[in-house]
Amino acid sequence: MAELIYRKTLKSSITLKGIGLHSGKTVTLRLHPAEAGTGLVFFLYRGNQKVRIPVSLDHVVDTSNATTIGDGGSNRVQTIEHLLAAVHSLGITDCILEIDSVEVPIMDGSSLPFVEGVRAAGIQTLNETIEPITIQNPMWVVDGDKYLVMLPSDELKVTYSIDFNHPLLRGQSYTTTLDESILSTDILPARTFGFLKDVEALQARGLAMGGSLDNAVVLTDDGYLNESLRYENECVRHKILDLVGDLAVMGRPFRGHLIASKAGHALDISLAKCIMSQYTGNELTQYKSRRIPLFSKKDAAL
């Protein structure tokens, strides 16, 4: 059995406000301490209703552009991955997340404001433990030329490669361990990114109304609109941020060596479901990925 880790929550409540990426409207997010075993739970306020939506793989309802959880009906909370990357990196296992919108505020496009918020609230160690997931055998998900692999390792580390049709994002790769210190300084401050032509198309449809150079790295056909970057390879670092946040939906600490190429939210969640189905012995109802030989040329249908 893996070494047990003590569960953690906040010492006090904290309120964070920011703009919703798609609505462009102000969103209020409140984080509260919770008892051991609560897990991470959203409470969505819709009019006079207070809807409970646990953060779990069974509640993931959409992975297009962002990770979205829902209650099985019309109630959803989207773009949860930046917040989850922050709380996971700080070891928070139990927390109540109250929100008055269907999207977590984009803040500055990274996880840094959430990290700062949690640290300001303080972190409390609880008197219960949780067993981390330690990968014993390789597992992977594949979609065409995209893949995501998890190999056994006694620590959490990642090798991530991206290859966009853009002169600045071809063949970009980054390898690092992912302890709390490295996550805080090298990964979590990396901002989300997008292409100007895609942003314009989304805004023409009434989406991405809150997107700006204040909360995203925006690429033109041959460069950046932003005056400066936080890291030379900020985009691939943000993909690692997303991956950590998506896998945090498993609700447990985890260890292993992640190897990713052109992955995204759909593959991230598929791998998480693959991991949990083996860890618990139960196949999740929404698990649609099938594992294939690592070096096979076949494609796995997601």
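If the condition is being hydrophobic (A, V, I, L, M, F, W, C), out of contact with any His (no Cβ under 8 Å at 6 or more places or on another chain) and modelled with pLDDT of 90 or more, then the range 192-216 contributes Leu196, Leu213, Ala216. Mind telling me which of the residues Asp268, Asp242 ends up being part of a helix (DSSP H, G or I), at pLDDT 85 or above, open to solvent by 10 Å² or more (accessible area, probe 1.4 Å) and closer than 17 Å to Thr63 by Cβ? Of Asp268, Asp242, the one residue that is part of a helix (DSSP H, G or I), at pLDDT 85 or above, open to solvent by 10 Å² or more (accessible area, probe 1.4 Å) and closer than 17 Å to Thr63 by Cβ is Asp242.
On the given criteria, is Ala248 in a helix (DSSP H, G or I) and buried (at least 23 other Cβ atoms within 10 Å of the Cβ)? For Ala248, the condition - in a helix (DSSP H, G or I) and buried (at least 23 other Cβ atoms within 10 Å of the Cβ) - is met. Number of residues in the range 6-19 that are in contact (Cβ under 8 Å) with a residue 24 or more places away in the chain, surrounded by fewer than 17 Cβ atoms within 10 Å (Cβ to Cβ) and within 21 Å of the chain's Cα centre (by Cα) equals 1. Considering (1) within 17 Å of Tyr231 (Cα to Cα); (2) touching a strand residue (DSSP E or B) at 6+ places or on another chain (Cβ under 6 Å); (3) of a type in the set (Val, Ile, Thr); (4) touching a residue at least 60 places away in the same chain (Cβ under 8 Å), the lone condition that Thr176 does not fulfil carries the number (2).
A quick yes/no check of all residues on (1) within 21 Å of Ser111 (Cα to Cα); (2) not acidic (Asp, Glu):
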site	(1), (2)
Thr129	no, yes
Thr134	no, yes
Met139	no, yes
Leu151	no, yes
Leu178	yes, yes
Ala208	yes, yes
Asp221	no, no
Asn233	yes, yes
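Against the list (1) over 19 Å from the mean Cα position of the chain (by Cα); (2) surrounded by 13 or more Cβ atoms within 10 Å (Cβ to Cβ), the condition Pro132 fails is (1). If a residue must be open to solvent by less than 20 Å² (accessible area, probe 1.4 Å), part of a loop (DSSP other than H, G, I, E, B) and closer than 30 Å to Arg7 by Cβ, how many such residues does the range 20-54 contain? Going through the range 20-54 one residue at a time, the tally reaches 2. Applying the criterion of being of a type in the set (D, E, K, R) and in contact with a Ser or Thr (Cβ under 7 Å, 6 or more places away or on another chain) to the residues of the range 88-113, the residue that is farthest from Ile69 (Cα to Cα) is Asp94.
Has the range 78-89 got any residue that is open to solvent by 10 Å² or more (accessible area, probe 1.4 Å) and more than 16 Å from the chain's Cα centre (by Cα)? No, because not a single residue in the range 78-89 is open to solvent by 10 Å² or more (accessible area, probe 1.4 Å) and more than 16 Å from the chain's Cα centre (by Cα). Do the conditions hold for Val60, that is, is it among the aliphatic types (A, V, I, L, M), crowded, with 21+ Cβ neighbours inside 10 Å and out of contact with any Leu (no Cβ under 9 Å at 6 or more places or on another chain)? Against the criterion (among the aliphatic types (A, V, I, L, M), crowded, with 21+ Cβ neighbours inside 10 Å and out of contact with any Leu (no Cβ under 9 Å at 6 or more places or on another chain)), Val60 qualifies.
Over 15 Å from Leu21 (Cβ atoms), touching a residue at least 24 places away in the same chain (Cβ under 8 Å), touching a Pro at 6+ places or on another chain (Cβ under 9 Å) and not aliphatic (A, V, I, L, M), is that true of Gly210?
No: the conditions fail for Gly210.
The values are calculated or read from the model by the stated rules, or taken from the named source; none is laboratory data. Just so we're clear, the structure is a prediction, and the values are computed from it rather than from any experiment. In this analysis, Cβ positions are derived from the backbone assuming ideal geometry, glycine residues included, and neighbour counts consider all displayed protein chains. Heavy atoms of the whole protein, side chains included, go into the accessibility calculation; ligands, DNA and RNA do not. Shrake-Rupley method; radii C 1.70, N 1.55, O 1.52, S 1.80 Å.
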